[in-house]
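A short worksheet on the structure shown next.
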Amino acid sequence: MKNKIIGVWIIRIIISLLFFVSAYAKVYHDPSAYFSITTFEAKQLVPLGFSAEIAAYLSRILIALEFSIGLLILLPFYLKRIVIPFTVLILGVFCFHLAIQIYLTGNDGNCGCFGTLLPMTPFEAILKNIFAIGLLVILNNLVPTDNSKKIDIFYGFLIYFIFLIGIMLYIPIKN
């Protein structure tokens, strides 16, 4: 039983670090956080067809989502019912996006998953995401059924909005 608990926490920490590093890398201070986030917008979101204005908001929404998933994986609120399935869904969407990117432009360059901090090709990012999905499936099978109360879902949204407001204040959108 103790080994199972240790295994659960190792997986939770790995997934949490994956999301924290990914979010931090997109606002990495090289040469500035604003430069990093606008590079992410220009190279990842605008080519998808988003306007520069929408990309500015969407980038901050995605980064706040990554930070909040990193924290929510470590917390007990709706882990099995919401957090793990939602995280698998997000990683699946990212894999789909990366597969389209490979089809359209090839497997060249940095996919932007870890900003400029840890460059990786789109295929490498797909492999990373599949590995993370595998860990999440194992985690879902190991964690007990949630005993969360309805009020606990409020905390998940609160954590997300705190990160979103923090990102908006830290890196405001400029015209």
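The values are calculated or read from the model by the stated rules, or taken from the named source; none is laboratory data. On a predicted model such as this, the values are computed, not experimentally measured, just so you know. Here the Cβ positions follow ideal geometry from the backbone for every residue, glycine too, while neighbour counts run over all protein chains shown.
Overview of results
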read-out	value
Subset of segment 58-76 (residues that are crowded, with 19+ Cβ neighbours inside 10 Å and within 19 Å of Val137 (Cα to Cα))	Glu66, Ile69, Gly70, Leu72, Ile73
Residue in segment 138-156 that is under 26 Å from Thr39 (Cβ atoms) and under 17 Å from the mean Cα position of the chain (by Cα) present	no
Matching residues, segment 123-158, being modelled with pLDDT under 95, part of a helix (DSSP H, G or I) and of a type in the set (Val, Ile, Thr)	Ile153
In segment 88-120, the residues that are touching a helix residue (DSSP H, G or I) at 6+ places or on another chain (Cβ under 6 Å) and among the small types (Gly, Ala, Ser)	Gly112, Gly115
Test result for Ile167, at pLDDT below 95, surrounded by 16 or more Cβ atoms within 10 Å (Cβ to Cβ) and either farther than 20 Å from Tyr24 by Cβ or not acidic (Asp, Glu) (or both)	yes
Residue within segment 111-120 that is in a helix (DSSP H, G or I), surrounded by fewer than 18 Cβ atoms within 10 Å (Cβ to Cβ) and at pLDDT below 95 present	no
Filter pass, Ile173 being more than 18 Å from the chain's Cα centre (by Cα) and modelled with pLDDT under 95	yes
Every residue from segment 77-110 that is surrounded by fewer than 15 Cβ atoms within 10 Å (Cβ to Cβ), in a helix (DSSP H, G or I) and in contact with a Ser or Thr (Cβ under 9 Å, 6 or more places away or on another chain)	Arg81
Test result for Leu18, outside any helix (DSSP H, G or I), surrounded by 15 or more Cβ atoms within 10 Å (Cβ to Cβ), at pLDDT 85 or above and in contact with a Gly (Cβ under 9 Å, 6 or more places away or on another chain)	no
Scan of segment 159-175 for residues that are β-branched (Val, Ile, Thr) and assigned to a loop (DSSP other than H, G, I, E, B), ordered by number	Ile171, Ile173
